[in-house]
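The values are calculated or read from the model by the stated rules, or taken from the named source; none is laboratory data. This one's a predicted model, so the numbers in the text were calculated from it and none came from an experiment. We place every Cβ from the backbone using ideal geometry, glycine too, and count neighbours over all the protein chains shown.
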Amino acid sequence: MNKRENPKAGEVWGHFKQNDYKIIACPVFHTENGGTLVCYKALYGARDVYARPFDMFMSEVDHRKYPDAKQKWRFEKVSDSDVANESAD
């Protein structure tokens, strides 16, 4: 089994639906249930900020539900930093 690299602040990860996101922080801990989250920001549109459970962020795409998805993983690392969009932060 291949162990995937955990997301790190500043990296850009691509969602299987073809949008890129900048990692704000990982790990982030839920104050009520102690769950581990990934906090990330869209690099398109209004540049919304999201938090997703770590295990879901790192999960495989459900190819039965999304048969045309080209990625194996829900999110895959695109680059180590968001050089092209740093001035927009």
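Taking residues in segment 20-41 that are over 10 Å from Ala9 (Cα atoms) and of a type in the set (A, V, I, L, M), and partners anywhere that are in a loop (DSSP other than H, G, I, E, B) and at pLDDT 95 or above, the pairs with Cβ atoms closer than 9 Å and at least 6 places apart or on different chains are Leu37/His30. Looking only at residues of segment 56-82 that are in contact (Cβ under 8 Å) with a residue 24 or more places away in the chain and more than 24 Å from Ile24 (Cβ to Cβ), we find that the one that is surrounded by the fewest Cβ atoms within 10 Å (Cβ to Cβ) is Lys70. The requirement of being assigned to a loop (DSSP other than H, G, I, E, B), in contact with a helix residue (DSSP H, G or I) (Cβ under 8 Å, 6 or more places away or on another chain) and not charged (D, E, K, R) is fulfilled somewhere in segment 7-22, by at least one residue. Of the residues making up segment 37-50, those that are at negative phi and exposed (fewer than 14 other Cβ atoms within 10 Å of the Cβ) number 5. Here Ala51 passes the criteria (1) under 20 Å from Glu5 (Cα atoms); (2) in a loop (DSSP other than H, G, I, E, B) except the one numbered (2).
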